[in-house]
Amino acid sequence: MANLFSVPGRILSGEGALEMSGLYLKTFGKKALIVTDEMMEKLGNLKRVTDVLEQAGVAYAVYTGVSGEPTDEMIEKGAVQYKADGCDFLIGLGGGSPIDSMKAIGAVVSGGKNIAEYMGGIIDQKLPPTAAIPTTAGTGSEATQFTIITDTKNNVKMLLKGPSLLPSLAVIDPVFTATAPQSVTAATGIDALCHAVEAFTSLKAFPLADSFAVSAVKRIFRNLKRAYDKGDDMEAREQMALAALEAGISFNNSSVTIVHGMSRPIGALYHVPHGLSNAMLLPECLKFAVSGAEERFCELARETGLYEDGMTVQQGAQVFISAVCDLCASLNVQTLAEFGVDKEDFFQNISKMADDAIASGSPANTRRQPTKENIIAIYEALWK
Ligand SMILES: NC(=O)c1ccc[n+]([C@@H]2O[C@H](COP(=O)([O-])OP(=O)(O)OC[C@H]3O[C@@H](n4cnc5c(N)ncnc54)[C@H](O)[C@@H]3O)[C@@H](O)[C@H]2O)c1
Ligand SMILES: [Fe+2]
């Protein structure tokens, strides 16, 4: 069976990648809108980018209105500013939230519709050139054709997609991730692990995407705890940034499955950060998914050196899943109750969350097909 494999237009990675990006950014247009958040301004990351633009002789405007995970309202404001300031290309600087916002603003200014009108369709009109500069090692949004925006009217995290959303340029410079606090390092690192594991065990997996998924899982197993324990371990930070990119490439091509499908409704209703809701769900979802994909999970055990001679495929799969659960536990992931979610309210919303999870299409990529009842049972198990 033939498969399409897509990646961003260009990828710059390693120390000095940001400085190198000036060469490419100056060919993108006359004036950039930098889409970012206030934290990037505070940390001096915005200045790092504007210095590069000034050196390259490129004008810019700045939109720092991404406060938290992006909503339709933040996108509309950014699109208004893009037009008012006469911009002709976009730069997203930050975690997945500013990068997703940048893509959505690109879709709105090129397509002339509100962002929610793209739900269920394919975004394929020509966007202005887009450059993604990630500062978390997690979402892989710099390498995906997705943007996730909350529809505030319906309380749904929309998964919007289309080939035009793949950035023209991805800049993976380790200078940025060292300042991420432990909670962000843990949540975003587990997000990347979910991308890679879900892509590798997805019904849509194929060999080229598998290579990126396996490489990402190996790097994450070796480096996530190191980066969490010691934020200034630059070797671990650089490896995690590469892992997040590889994981993004893998799921951009093979798709995510049940964890991401069930995670978005929790984020939409309870504002649990994306990586954290994935982390909360990961052990229960893997317990469910393993019986449809034992050979694939066992392969991950072999690749990570966890498989021992004489193990059955089932034992190999279990040993990998246990290692994932141990890694999550070592990163002190909060439970829903610890995060402050009200149990009664959660149970009242379970049916809607299960419907929204199924409607996103992601759970159907799982090799063991989940029913609505299965999904409800997993949501309930998060409270046991
Ligand atoms: N498009 C995709 O393919 C894709 C994939 C997965 C997730 N997502 C989306 O990405 C969003 C989450 O992105 P995220 O997890 O990267 O978090 P984020 O962008 O929301 O950032 C989380 C927090 O960390 C701060 N931060 C970011 N980088 C920092 C740094 N280097 N130092 C200090 N603080 C830093 C931010 O200011 C923010 O307060 C969600 O909306 C999720 O749905 C998109
Ligand atoms: Fe994710």
Identify, by number, the condition in (1) open to solvent by 10 Å² or more (accessible area, probe 1.4 Å); (2) under 25 Å from K157 (Cα atoms) that E294 doesn't meet. (2)
Which ones in the stretch 50-74 are of a type in the set (D, E, K, R) and open to solvent by 50 Å² or more (accessible area, probe 1.4 Å)? D51, E54, E69, E73
Working only within the stretch 75-109, note down all residues that are out of contact with any strand residue (DSSP E or B) (no Cβ under 8 Å at 6 or more places or on another chain) and either surrounded by 18 or more Cβ atoms within 10 Å (Cβ to Cβ) or basic (K, R) (or both). A79, K83, S97, V108, V109
Residue pairs, Cβ under 6 Å, 6 or more apart or interchain, first in the stretch 186-200 and of a type in the set (D, E, K, R), second at pLDDT 95 or above and away from ligand 1 (no atom under 12 Å from the Cβ). List them. E198/T257
Only residues that are at positive phi and within 12 Å of ligand 2 (Cβ to nearest atom): list them for the stretch 130-160, please. G140
Out of the residues in the stretch 264-281 that are more than 19 Å from A359 (Cβ to Cβ) and surrounded by fewer than 24 Cβ atoms within 10 Å (Cβ to Cβ), which is nearest to ligand 1 (Cβ to nearest atom)? P273
Checking the structure you have, find out if any residue of the stretch 179-189 is more than 13 Å from the chain's Cα centre (by Cα), more than 12 Å from ligand 1 (Cβ to nearest atom) and surrounded by 19 or more Cβ atoms within 10 Å (Cβ to Cβ). no
A79: more than 25 Å from V58 (Cα to Cα), over 19 Å from the mean Cα position of the chain (by Cα), free of Cβ contacts under 8 Å to residues at least 60 places away in the same chain and in a helix (DSSP H, G or I), yes or no? no
Could you tell me whether N278 is out of contact with any strand residue (DSSP E or B) (no Cβ under 9 Å at 6 or more places or on another chain), within 15 Å of ligand 2 (Cβ to nearest atom) and part of a helix (DSSP H, G or I)? yes
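The values are calculated or read from the model by the stated rules, or taken from the named source; none is laboratory data. Keep in mind it's a predicted model, so treat the numbers as computed, not measured. Cβ: placed from backbone, ideal geometry, glycine included. Neighbour counts: every protein chain shown. Keep in mind that these areas ignore ligands, DNA and RNA; they rest on the heavy atoms of the full protein, side chains included. Shrake-Rupley method; radii C 1.70, N 1.55, O 1.52, S 1.80 Å.
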